[in-house]
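To keep things clear, I will list the structure first and then write my remarks on it.
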Amino acid sequence: MQSDILSGPPSSFPGNHLPNTPNQSASLWSTYELPVHLTFGGGVNFVDKRYGNVNNTTVADGYWTGQLMGMYEINEHFNVQVNVYNLWDTQYIAAVGSNFEPGAGRSVVVSAEMKF
């Protein structure tokens with residue numbers, strides 16, 4: 001479905017697309033738990049092109065990013081996890097408007113969780 005400006009003040013450009021609103025976006029994520037207290041997962045995100053203003057003169061291209069995760073459950077109270085974001089180190093525009101905001105590069109986050 002397309003986002004369109006239907007009406008408004010003369011400067012609202014009826015018929016143009018709303019800013020920072022992709023026509024299509026999708027996310028897919030899946031995890032698999034092994035019987036040895038290991039969990040692996042991965043996913044992808046897709047965001048279609050977006051316009052940066054109501055007169056649709058600036059546009060940010062669409063992009064794909066991927067993620068991975070691995071978690072090890074040490075015991076019922078403690079686990080450690082590693083996440084990789086933007087797996088392919090894609091250069092993309094995360095948000096558009098008066099300025100274009102670049103998306104985060106590849107990053108790795110290591111975390112620990114304690115349950116009590």
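Could you order peptides 16-28, 47-59 by the average number of other Cβ atoms within 10 Å of their residues, highest first?
On the way: 16-28: 14.3, 47-59: 16.2.
Highest-to-lowest ranking by the protection proxy: 47-59, 16-28.
Using a Förster distance of 22 Å, how high is the FRET efficiency between Ser107 and Ser30, based on the Cβ-Cβ distance and rounded to 0.05? Intermediate values should be presented prior to the final figure.
Values: r = 21 Å, r/R0 = 0.95.
Rounded to the nearest 0.05, the efficiency is 0.60.
Suppose R0 equals 25 Å; then what is the FRET efficiency for Ser3 and Gln67 from their Cβ-Cβ distance, rounded to the nearest 0.05? Spell out each step's value before the answer.
On the way: r = 26 Å, r/R0 = 1.06.
For R0 = 25 Å, the calculated efficiency reads 0.40.
Roughly how many percent of the accessible protein surface of the chain is carbon and sulfur, given a 1.4 Å probe and a whole-percent answer? Provide the component values of the computation, followed by the final result.
Values: 4570 of 7870 Å².
C and S atoms contribute 58 percent here.
Just the accessible area per residue of the chain, please: how many Å² with a 1.4 Å probe?
With all protein chains present, the chain gives 68 Å² per residue.
Would you tally the net charge around Leu18, using a Cβ to Cβ cut-off of less than 11 Å, leaving Leu18 out, and scoring K and R as +1, D and E as -1? Walk me through the numbers before you get to the answer.
Working: positive: Arg50; negative: Asp4.
Summing Lys and Arg as +1 and Asp and Glu as -1 gives 0.
Quick one, which of (i) 0.93; (ii) 1.17; (iii) 0.99 is the actual Rg/Rh (Cα atoms, Kirkwood Rh) calculated for this model?
Structure-derived value, by its label: (ii).
Quote to one decimal, in nm, the extra length available between Val59 and Val82 on full extension: 0.36 nm per residue of separation minus the C-alpha distance between them.
Working: separation 23, 0.36 × 23 = 8.28 nm, distance 3.42 nm.
Taking 0.36 nm per residue and subtracting the Cα distance, the gain is 4.9 nm.
The values are calculated or read from the model by the stated rules, or taken from the named source; none is laboratory data. Predicted model only: the values in this text are computed from it and were never measured. Because the Cβ atoms are built from the backbone with ideal geometry, glycine has one as well, and the counts that use them run over all protein chains shown. These accessible areas exclude ligands, DNA and RNA; they are computed on the full protein's heavy atoms, side chains included. Shrake-Rupley method; radii C 1.70, N 1.55, O 1.52, S 1.80 Å.
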